[in-house]
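Novice: What follows is a single structure, and I will ask about it in a moment.
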């Protein structure tokens, strides 16, 4: 009897020390559960999109700061916000570059990189980025419009005119955007621009602007008026 | 079969012709989902030029809608198959895909509008019987094959009208000098540009009624002169008429819904006199130079490519169609 008790006690101790039985492969049964299978890795395209979208967020932040700065009069405040704008466009450019590393053919990323670089004052790199976007997708009118604005800032008026006409053929609303940028530029042209070229460009722009206003229905928004 | 199911039941028909540079997608296309296909347009073209679609095999659609005249016929009003005169000047069949509705006084859809030239009895235009298709059409091998290919149905009036409309909607004109300027930055003469400025000026205000891509808007304008040759039940002396397109206006004389004016100078003179002050047609002064400039602008709306495009021409080799 004593022996039986001893065996029973010993077995009880042994069983207690060995702990509960785990299923093969480890992990607890209750509570904490088994470890989950590893999450699938994101594809390069997905990572590119994630970086691209982060870049877009930084770009949008930069726009918000630009909007605030435009309404200010205090020079110190303006300078402070201009710094913020530059910082955000810098971050945006980094993200777009990261996107391109993962998906070199993502034309939207090239175009947006071009836009960020232009706002950072790097016109040469900006143009190269737009060119790459359009090599990948010649119909990407956003890049045509953005590139047109870059040409404008550089005083390359013939190229700006070509971009505008291309947009009139392909995407009238984008053409209107470029014309708005042209009209804004003509109110305060860049310093050092050839004056004779500027005068001819201004004449052309005024004629085209009048024509644009007379053909508003081509903007698509007036389709129901036909 | 798939094509037939796609095409049947459409109230209006989308078309996918090759659009002129810079032209937006046609308005008509926006209301349907199914695209047209080339065989349907081609069938429509054959029917359009086929005089067997008339009571005496003398008159096709193309009799009154001649391509070289931007699909008008150069007459004040047209002559039907039996010699009766139509009520109105043959309207240009240009850029119909950008219209909301059709007809000089009507607001029909494209297929409804065809009932008048095909089936009207007073006056007879083509004099067809809506209850019967001519045997000559039913027995034509090209039609037997084409209708079978395109429609799951046999040759029926709804299918004939659908094909005709498909061809009509494919008639898009947008390669004039003016279009070269707008879409390719090739400006016309300085005089034509000055004419355009006059056209859009507050003084002349032509674009109030003749605006938009077709230079016609979707306006119906009251005629102020009492009509003596046609009365609308004799009760109203004035009848609203649709404004005509000014595209290819250089070749679509005579002008107005009744073809009363032989020249554009006469038309300009009519409006200069202020024919309808209540509807903002108060008249204007115009010098001789300005009249010439305006005419040059109007002439810059001529699209020679459209007027001579073989794709819109008569496909029949034999003499029996028109």
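The values are calculated or read from the model by the stated rules, or taken from the named source; none is laboratory data. The shown structure was predicted, so the numbers you read here are calculated from the model rather than taken from an experiment. Don't worry about glycine lacking a Cβ; one is built from the backbone with ideal geometry, like all the others, and counts go over all protein chains shown.
Novice: Please determine, by comparing only the residues of the stretch B:89-115 that are more than 14 Å from every other protein chain (Cβ to nearest Cβ) and modelled with pLDDT of 90 or more, which one is farthest from residue B:23 (Cα to Cα).
Specialist: B:115
Novice: A further question on this structure: If residue A:143 satisfies every condition in (1) in contact with a helix residue (DSSP H, G or I) (Cβ under 6 Å, 6 or more places away or on another chain); (2) within 14 Å of another protein chain (Cβ to nearest Cβ) but one, which is the exception?
Specialist: (2)
Novice: Which numbered condition trips up residue B:125, out of (1) out of contact with any helix residue (DSSP H, G or I) (no Cβ under 6 Å at 6 or more places or on another chain); (2) not assigned by TED's automatic domain parsing to the domain that holds residue B:293?
Specialist: Failing condition for residue B:125: (1).
Novice: In addition: Can you name the residue in the stretch B:136-189 that is over 26 Å from residue B:47 (Cβ atoms) and in a helix (DSSP H, G or I) and, of all such residues, is farthest from the other protein chains (Cβ to nearest Cβ)?
Specialist: B:177
Novice: Another question, if that's okay. For the stretch A:149-165, which residues satisfy the criterion of being in contact with a helix residue (DSSP H, G or I) (Cβ under 6 Å, 6 or more places away or on another chain), buried (at least 19 other Cβ atoms within 10 Å of the Cβ) and within 14 Å of chain B (Cβ to nearest Cβ)?
Specialist: A:157, A:160, A:163, A:164
Novice: Could you please tell me which pairs satisfy a Cβ distance under 7 Å, a separation of 6+ or placement on different chains, a first residue in the stretch A:207-226 that is within 8 Å of chain B (Cβ to nearest Cβ) and farther than 12 Å from residue B:24 by Cβ, and a second residue that is in a helix (DSSP H, G or I) and modelled with pLDDT under 85?
Specialist: The qualifying pairs are A:225/A:217.
Novice: What residue, of B:202, B:185, is more than 25 Å from the chain's Cα centre (by Cα), surrounded by fewer than 19 Cβ atoms within 10 Å (Cβ to Cβ) and modelled with pLDDT under 95?
Specialist: Residue meeting the stated conditions: B:202.
Novice: Name the pairs: first residue in the stretch A:149-163 and closer than 14 Å to residue A:208 by Cα, second residue buried (at least 21 other Cβ atoms within 10 Å of the Cβ), Cβ to Cβ under 6 Å, at least 6 apart or on different chains?
Specialist: Qualifying pairs under 6 Å: A:157/A:201; A:160/A:148; A:160/A:151; A:160/A:152; A:163/A:144; A:163/A:148.
Novice: Return yes when residue B:264 is away from every other protein chain (no Cβ under 14 Å), within 28 Å of residue B:65 (Cβ to Cβ) and modelled with pLDDT of 85 or more and no when it is not.
Specialist: Here the answer is yes, as residue B:264 does meet what is asked.
Here's the yes/no breakdown for (1) touching a strand residue (DSSP E or B) at 6+ places or on another chain (Cβ under 8 Å); (2) assigned to a helix (DSSP H, G or I); (3) modelled with pLDDT of 50 or more; (4) under 26 Å from residue B:63 (Cα atoms):
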| site | (1), (2), (3), (4) |
| --- | --- |
| B:9 | no, no, no, no |
| B:20 | no, no, yes, no |
| B:28 | no, yes, yes, yes |
| B:33 | no, no, no, no |
| B:40 | no, yes, yes, yes |
| B:43 | no, yes, yes, yes |
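Novice: Just to be sure before I move on: is residue B:54 at pLDDT below 50, over 19 Å from the mean Cα position of the chain (by Cα) and surrounded by 14 or more Cβ atoms within 10 Å (Cβ to Cβ) in the structure I sent?
Specialist: no
Novice: Name the residue that is farthest from residue B:207 (Cα to Cα), counting only residues in the stretch B:238-258 that are out of contact with any strand residue (DSSP E or B) (no Cβ under 9 Å at 6 or more places or on another chain) and free of Cβ contacts under 8 Å to residues at least 60 places away in the same chain.
Specialist: Checking each candidate, the answer is B:250.
Novice: Here is a further query. Can you confirm whether the stretch B:229-241 contains a residue that is modelled with pLDDT of 95 or more and not assigned by TED's automatic domain parsing to the domain that holds residue B:128?
Specialist: no
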